[in-house]
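A short worksheet on the structure shown next.
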Amino acid sequence: MFHAGEAQRTGALAELPADALKTDAPPLLYGPTETLAYVLHGLLPAHGVAARLCAEVRDALPRFAPRSVLDFGAGPGSALLAALDAWPESLHEAVAVEPSRSMTQVAEHLLADRPGVTFRRS
């Protein structure tokens, strides 16, 4: 993981407000290297869990038909993919909030053919 000082030096935090780093918790920052590691080792397990959860909700609540979804901390979009697959007829709007530019780039690529997906940095 990047440290805050390193992230600022490399420009990874150029678009975040200066006071965003003033917390008691260490920042969890994903640059290109961390994003690649997550995509290679975490994307499929995260998508599997999200897909299972969405399928269980869909099966337990057959009349539930969400029209929109917000994924805060969307990462590469694995949970959005699962939700869009679970409710393809009703889900028309998806908002992915992800501060990492490199994670957002992966999500944009993976969700490129899905209409109604909007990406936000904060």
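No value in this document is a laboratory result; all are computed from the given coordinates. Because the structure is a prediction, the values reported are computed rather than measured. Reconstructed Cβ throughout: ideal geometry from the backbone, glycine too, with neighbour counts over all protein chains shown.
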task: Output ³J(HN,Hα) for segment 74-80: one whole-Hz value per residue in order, computed from phi by the Karplus curve 6.51 cos²θ - 1.76 cosθ + 1.60 with θ = phi - 60°, and x for Gly and Pro.
output: 5, x, x, x, 5, 6, 5
- request: Would you please give the FRET efficiency between ARG67 and LEU44, computed as 1/(1 + (r/R0)^6) with r the Cβ-Cβ distance and R0 = 35 Å, to the nearest 0.05?
  value: 0.80
query: By the gyration tensor of its Cα atoms, with a ≥ b ≥ c the square roots of the eigenvalues, what is the shape of segment 77-122: rounded for a/c under 1.5, prolate for a/b over b/c, or oblate?
result: prolate
statement: Per the C-alpha gyration tensor (a ≥ b ≥ c, the square roots of its eigenvalues), segment 28-122 is rounded if a/c is under 1.5, else prolate if a/b beats b/c, else oblate; here it's prolate
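Would segment 29-68 count as rounded, prolate or oblate if I go by the C-alpha gyration tensor, calling it rounded below 1.5 in a/c and otherwise prolate when a/b exceeds b/c, oblate otherwise?
Numbers: a/c = 5.97, a/b = 2.59, b/c = 2.31.
Note, shape of segment 29-68 comes out prolate.
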field: Hz values of 3J(HN,Hα) by residue in segment 55-70 - Karplus curve (6.51, -1.76, 1.60), Gly and Pro given as x
entry: 5, 5, 5, 4, 6, 6, 10, x, 8, 6, 9, x, 9, 9, 8, 10
